[in-house]
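Each remark here refers to the structure printed beneath this line.
The values are calculated or read from the model by the stated rules, or taken from the named source; none is laboratory data. Note that the coordinates shown come from a computational prediction; the quantities given were computed from them, not determined experimentally. Every residue, glycine as well, gets a Cβ built from its backbone with ideal geometry; the counts of neighbours run over all protein chains shown. Quick note on the areas: whole protein, heavy atoms, side chains included, nothing else; ligands and nucleic acids left out. Shrake-Rupley method; radii C 1.70, N 1.55, O 1.52, S 1.80 Å.
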Amino acid sequence: MSYWLMKSEPDEFSIDDLVRAPGKTTPWFGVRNYQARNYMRDATRVGDGVLFYHSSCEVPGIAGLAEVASAPHPDETQFDPKSPYFDPKATRANPRWMLVDVKLVRKTRLLSLDELRQRPELADMVILRRGNRLSVTPVTPSEWKAIGKLLARDAG
DNA sequence: GCCAACGTTGGC
DNA sequence: GCCAACGTTGGC
């Protein structure tokens with residue numbers, strides 16, 4: 001079992017959108033970075049833990065817990081000319097962008113980026129590294145555990 | 001295959 | 001809206 005942090009801009013898809021989604025599940029569409037794609041295509045397994053992270057917003061941070069809920073499959077938005085994520089070089093026979101489905105476990109209190117930075121046990125998190133922009137990043141078991149403790153600390 | 005230019009990300 | 005950091009593109 002592995003753990004991941006996945007970023008989403010809440011203006012586009014927030015934790016509340018996931019709460020309202022059918023089956024509380026969504027394909028993690030729109031990733032257009034090869035390294036992040038490779039994590040989803042090659043490294044995730046059904047049941048892996050996911051930290052749902054809100055980025056590019058007033059208070060960035062972890063907004064909920066989720067899990068990987070499917071095997072990798074093509075991101076449908078790459079085939080849609082009307083989508084901002086359309087990729088003219090992708091074909092159904094040869095899709096370029098793969099994703100997994102993500103299912104809500106629970107919405108949590110907002111564990112802000114600021115609070116994450118204050119925790120010495122989280123100092124090595126990929127998300128906290130200078131210049132990090134990856135939208136899907138691995139989380140270590142000890143980081144996962146530490147975040148679980150922080151989220152248990154008060155009501156979520 | 002190098003690398004400058006350009007585009008994007010994302011916190012501030 | 002700024003801008004540092006980083007990924008991608010494309011000319012050579």
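Of the trypsin sites (Lys or Arg not before Pro) found in region A:12-74, the ones in coil according to DSSP and having at most 13 other Cβ atoms within 10 Å of their Cβ are A:45. Pull up the cross-link candidates among the lysines for residue A:149, meaning alpha carbon to alpha carbon under 18 Å and not fewer than 8 places away within one chain. Correct list for residue A:149: A:107.
Using a probe of 1.4 Å on the protein chains alone, the accessible area found for residue A:9 is around 90 Å². Over chain A, DSSP H runs of length four or greater, each weighted -39,500 (n - 2.57), average out per residue to a 222 nm ellipticity of -5000 deg cm²/dmol. Tally Lys/Arg at +1 and Asp/Glu at -1 over every other residue whose Cβ is under 9 Å from the Cβ of residue A:25; what's the total? Local charge sum for residue A:25: +1. Taking Cβ atoms as reference points and 12 Å as the exclusive limit, the residues near residue A:139 contribute a net charge of -2, counting Lys and Arg as +1 and Asp and Glu as -1.
In the full protein context, region A:3-151 carries 52 Å² of accessible surface per residue, based on a 1.4 Å probe and ignoring ligands, DNA and RNA.
Measure out, as a whole number of angstrom, how far apart the alpha-carbon centroids of region A:1-23 and region A:25-73 sit. Their Cα centres are 7 Å away from one another.
Applying both filters, DSSP loop and at most 15 other Cβ atoms within 10 Å, to the trypsin sites (Lys or Arg not before Pro) of region A:57-156 gives A:82, A:89, A:92, A:96, A:129, A:130, A:133. Site pair residue A:73 and residue A:19 shows an inter-label distance of 2.7 nm when each label is modelled 7 Å from Cα along Cα→Cβ. Computed over protein heavy atoms with a 1.4 Å probe, the carbon and sulfur contribution to the accessible area of region A:3-151 reaches 50%. Under a 5 Å amide H cut-off, with hydrogens placed 1.01 Å from N, residue A:96 pairs with A:91 among residues at least 5 apart or on other chains.
A viscosity of 1.002 mPa s and a temperature of 20 °C, combined with the Kirkwood radius over C-alpha pairs in the Stokes-Einstein formula, give chain A a diffusion coefficient of 135 µm²/s.
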